[in-house]
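Let me begin by presenting the structure, written as structure tokens, before commenting on it.
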Amino acid sequence: MARIRPSKPMAVFGAVVGVAILVFGLVNFPLDRPFIWLWLAVGIGIVVFNLWAAFGKNGATQIIDEDRR
């Protein structure tokens with residue numbers, strides 16, 4: 001089984017983009033609308049996933065199973 005992970009710079013860049021999404025949503029959308037909560041949840045998910053992929057021990061975005069005979 002091989003794990004494929006993004007490079008750390010790309011994963012950290014993805015996390016920074018996720019933070020930018022969060023800031024954009026908080027600045028431009030009123031907090032009384034349900035859409036902002038979905039926007040924030042997606043932004044948080046992007047940040048957490050990318051940081052896990054960059055720094056987690058088993059942080060892999062893809063896993064390839066091979067059956068070698």
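The values are calculated or read from the model by the stated rules, or taken from the named source; none is laboratory data. In this text, all values refer to a predicted model and were calculated from it rather than measured experimentally. Keep in mind that these areas ignore ligands, DNA and RNA; they rest on the heavy atoms of the full protein, side chains included. Shrake-Rupley method; radii C 1.70, N 1.55, O 1.52, S 1.80 Å.
For the chain, the carbon plus sulfur part of the accessible surface works out to 69%, probe radius 1.4 Å. For the chain, the percent of C-alpha pairs falling in each 10 Å distance bin, counted from 0 to the bin holding the largest distance, reads 21, 36, 24, 14, 4, 1. So what's the angle, to the nearest 10 degrees on a 0 to 90 scale, between helix 8-28 and the longest Cα principal axis of the chain? The two axes meet at around 20 degrees. The residues of the chain expose, per residue, 76 Å² of accessible area to a 1.4 Å probe.
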